[in-house]
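S.K.: Dropping the structure in here first, questions after.
The values are calculated or read from the model by the stated rules, or taken from the named source; none is laboratory data. Fair warning: this is a prediction, and the values are worked out from it, not measured in the lab. We place every Cβ from the backbone using ideal geometry, glycine too, and count neighbours over all the protein chains shown.
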Amino acid sequence: MKHAQLIFGIIYLSFMTPLKSSDGEMEKFNTYINESISDANIAGMAVAIVSGDSIVFTQGYGYSDIQTKEPFTPNTVINIASISKTFVGVALMHLVENGLINLDEDVNTFLPFKVLNPHLLESIITPRHLMSHSSGILDDQNVYLPSYHYGGDSPMPLGEFLADYLSQDGTHYSKKNFTKSKPGEKFVYSNIGAGLAGYIVERVSGKPLNVFTRDVIFKPLGMNNTCWFLSEMDRSKHTRLYESEKKHTQLKRVDLYGLTTYPDGGVRTTVTDLSYYLLCIMNKGLYKDMRILKEETVIDMLTPDYIDSYTKFWGIGDQIGHGGGDPGVSTGMFYLPKEKLGIIYFINTSSYRAFKKKEEKIFDFGKRLLLKGNLTKQSITL
């Protein structure tokens, strides 16, 4: 089947005044997205645009299941890969705000095992280092990739994996697991480091990370279709996942999977739910009448520590947010602080690099619609 045959749009929008066909903005954007996902051989995706305190645009394209032709909508659930790390950042800042943790303490203060960099025996690693990917912890792909558990949630406890990898008596402990750079000196992206940060949230809060984030983030923001584990949700709501193969002409099904180091990429949500979260961060911790962090805490969270482009699990600069890529998954969540405009996109096909350059076009579409005064309040496809 030619992939172009898989693509169609599903949309319901609220406008201050209806878009006239002569405006053409919606038609141009839909054409652009349809052509882009056809060229990249994407099965399905959804886009959301947010501004001020509202979702102003949502639309789904293609299929969440190409066999049953189930459409991919703004309420389709997908695992969002590394965007999940931002929730760990918010959770840690919640603990900071409540005086339960100091980001500059030795991580070993909070752990039942000892993390030891064999190259730097006298140096300490702190939560702040973990949150800026400057801890010196490396991802050994020969250990990390097999920790993906296809078919369901990982049966291995997070703490057990971390102790095995980071503690001197662990089976997979090795000098190769650490850089020779002092913590805080060098940016080296670390999924296992993010997993350790999430585990510290569990140790300090006394709750599993999925429960803690549900209590302090998901439930307060009304993110009712958001969780971490497949066992927490109705799998029928979860999109199927695909990888493009044979020169982007065919799609291969990818089994759903769980992550042993789930804090680094395990959140499952919809573009609608994630829009509430993004709006909350854009409005410095407040969404509608619900505040999850103090304004000064959000400002601190987005203030650089060691490098100018990434801090506390958030990419910062002219745009703020995070992207994600995993087997069968490509995601992005970003906002422009000056324009107060944000975008989210979820794709159920491994195509992050192919689609990354399209983000600017989505931003441009949002800017044009806002300038024309076409978009008003929340618009969601149900």
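S.K.: Return the residues of the stretch 54-69 that are in contact (Cβ under 8 Å) with a residue 24 or more places away in the chain and in contact with a strand residue (DSSP E or B) (Cβ under 7 Å, 6 or more places away or on another chain); say none if nothing qualifies.
M.R.: Correct list: Ile55, Val56, Phe57, Thr58, Gln59, Gly60, Tyr61, Gly62, Tyr63, Ser64, Ile66.
S.K.: Mind checking which residues of the stretch 186-200 are touching a residue at least 60 places away in the same chain (Cβ under 8 Å) and either closer than 15 Å to Gly266 by Cα or not in a helix (DSSP H, G or I) (or both)?
M.R.: Matches in the stretch 186-200: Phe187, Ser190, Asn191, Ile192, Gly193, Ala194, Gly195, Leu196, Ala197, Gly198, Tyr199.
Per-residue answers, yes or no, for (1) over 30 Å from Asn34 (Cβ atoms); (2) hydrophobic (A, V, I, L, M, F, W, C); (3) modelled with pLDDT of 95 or more:
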{"site": "Gly62", "(1), (2), (3)": "no, no, no"}
{"site": "Glu70", "(1), (2), (3)": "no, no, yes"}
{"site": "Thr76", "(1), (2), (3)": "no, no, yes"}
{"site": "Asn79", "(1), (2), (3)": "no, no, yes"}
{"site": "Ala91", "(1), (2), (3)": "yes, yes, yes"}
{"site": "Leu103", "(1), (2), (3)": "yes, yes, yes"}
{"site": "His129", "(1), (2), (3)": "yes, no, yes"}
{"site": "Pro146", "(1), (2), (3)": "yes, no, yes"}
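S.K.: Related question: I need a count of the residues in the stretch 217-243 that are in a helix (DSSP H, G or I) and within 17 Å of the chain's Cα centre (by Cα).
M.R.: At the first step, the residues of the stretch 217-243 found to be in a helix (DSSP H, G or I) are 217-218, 230-232, 235-237.
Filter once more, so that each one left must be within 17 Å of the chain's Cα centre (by Cα): 217-218, 230.
Total meeting the criteria: 3.
S.K.: Turning to a different aspect of this structure: Restricting to the stretch 232-257, give me the number of residues that are surrounded by 22 or more Cβ atoms within 10 Å (Cβ to Cβ) and modelled with pLDDT of 95 or more. Can you show your working first?
M.R.: Pass one, the stretch 232-257, residues surrounded by 22 or more Cβ atoms within 10 Å (Cβ to Cβ): 239-242, 251.
Restricting the remaining residues to those that are modelled with pLDDT of 95 or more gives 239-242.
The number of residues fulfilling the criteria is 4.
S.K.: Grab the helices (runs of 4 or more DSSP H) fully contained in the stretch 260-359, keeping just those with 2 or more residues being touching a residue at least 12 places away in the same chain (Cβ under 8 Å) and basic (Lys, Arg). Step through it out loud before you land on a result.
M.R.: Values: elements: 271-282, 295-301, 352-356.
Those helices (runs of 4 or more DSSP H) span 352-356.
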